[in-house]
Every structure is written in C-alpha cells, then in structure tokens.
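Taking it in order: structure first as structure tokens, then the write-up.
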Amino acid sequence: MFAGWENFYLMIGSAAAGLIGLLFVVATLTGGLGADKAEMGARVYLTPTVSHFAVVLAAAVVTAVPRLDPWPTAGLIAATALWGLGYSANVARMLHARRGPVAPHWTDYWCYGYFPGALYLAQIAAAGALAMGVFWGQDALAAAMVGLLLLTIRNAWDLVTSIAPQVNRKP
C-alpha cells in the first residue's frame, strides 16, 4: 500500500524515535527545578511532546507492515490520531486552567494544543482517504506526519530552551 514511501517513513520514524530518546535526557535536566514546576512542566509540555513523537513513530511502524490491507491500516492510523486529538484537547484544557507557578505563553496554546489537534484532524482525514482508496490519502498522511514532526521538534526546542537557563542558574 505504501510502495515507494518506505524511505520516507523509515526516516521520519527514526527521527521520532531518536528524539524521544533525547527527551529522556531533557527529563533529567528537570531534576534541578522545584517539584511543583517540574511536575507541571512534565504534564503539560514534556509528556505531550513525547506523545506526539510516539504518534509519528506509530504511523511509521504501521506503514511498514507488509501486506496490511487498507482498512486495518487506516483504522490503526485513525485510532492513534483520535487519541492524539483527545490528548491535544486535554493539553489545551490544562493550559487554559493555568495551574502552576508560571502562566503559559500565548504560543503554548497554539503549539501544544491547537496546532497538534489540527494536524490530528488532517491525519484522520488522510486515514479516511486511505480506507476509501482516494489518490491523495498517502500524500495527506505524509504531510500531516511531517507537520506533526516539525511542530513537535519546535516544541522540544521550546522546552529545552526554557528548562536549561533555570537549571544552570545558581541559587
């Protein structure tokens, strides 16, 4: 079903997997922060970032399964996208609740909540197109996955640049 796309999904899946590993290093940096701030940051920023990378990795894995029919492929991709959509809505809700010592920046609402949700909606549409055999389904899925990967790289960078100065600051 994804003939000709093997290298593309191998590349974005490997990138997502590698970046998940690097986020474990970031998680160790939070040891110098206060417990409340570290817990809030992990719940609202770090965990969603890892989760979005995991969705990209999962989609890459599904596309690599040989001889998988279009309906199960689309179903698995749609299931991960539905989970991601719900998760993004929950992150947006947490950001609006403004729990924690620091109020979220306006870009946090868009980059951690709304944009991932929009990309998950695009992924759901692409899964529907794949199930129906529509010609643009593979291209739409690839575009949604690249968008999610790039957005999540941006979010990981935002996370690291907000944590590093606080950890390096001497009391």
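The values are calculated or read from the model by the stated rules, or taken from the named source; none is laboratory data. Remember, it's a predicted structure, so these values are computed and weren't measured experimentally. All Cβ positions, glycine included, derive from the backbone under ideal geometry; neighbour counts span all protein chains shown.
Quick notes on this one:
- Residue in the range 66-84 that is out of contact with any Pro (no Cβ under 6 Å at 6 or more places or on another chain) and closer than 16 Å to Asn155 by Cα present: yes
- Under the condition of being loosely packed, with under 14 Cβ neighbours inside 10 Å and in contact (Cβ under 8 Å) with a residue 40 or more places away in the chain, the residues counted in the range 133-153 number 1.
- The residue list Tyr114, Tyr87, Tyr109 contains one member that is within 14 Å of the chain's Cα centre (by Cα), surrounded by fewer than 19 Cβ atoms within 10 Å (Cβ to Cβ), farther than 17 Å from Thr63 by Cα and hydroxyl-bearing (Ser, Thr, Tyr), which is Tyr114.
- Among the residues of the range 47-72, those that are surrounded by fewer than 21 Cβ atoms within 10 Å (Cβ to Cβ) and among the polar types (S, T, N, Q) comprise Thr47, Ser51.
- When residues in the range 71-88 are screened for being hydrophobic (A, V, I, L, M, F, W, C) and closer than 16 Å to Pro48 by Cβ, 4 of them pass.
- Residue selected from the range 112-171 under the condition outside any helix (DSSP H, G or I) and not β-branched (Val, Ile, Thr), by the criterion modelled with the lowest pLDDT: Lys170
- Inter-residue pairs, beta-carbon under 7 Å, first at pLDDT 95 or above and in the range 11-29, second hydroxyl-bearing (Ser, Thr, Tyr), 6+ apart: none
- Here Ala103 passes the criteria (1) farther than 30 Å from Met1 by Cβ; (2) of a type in the set (Gly, Ala, Ser); (3) surrounded by 15 or more Cβ atoms within 10 Å (Cβ to Cβ) except the one numbered (3).
- Hits in the range 1-10 - residues which are closer than 21 Å to Ala129 by Cα and either outside any loop (DSSP other than H, G, I, E, B) or touching a residue at least 40 places away in the same chain (Cβ under 8 Å) (or both): Met1, Phe2, Trp5, Glu6, Phe8, Tyr9
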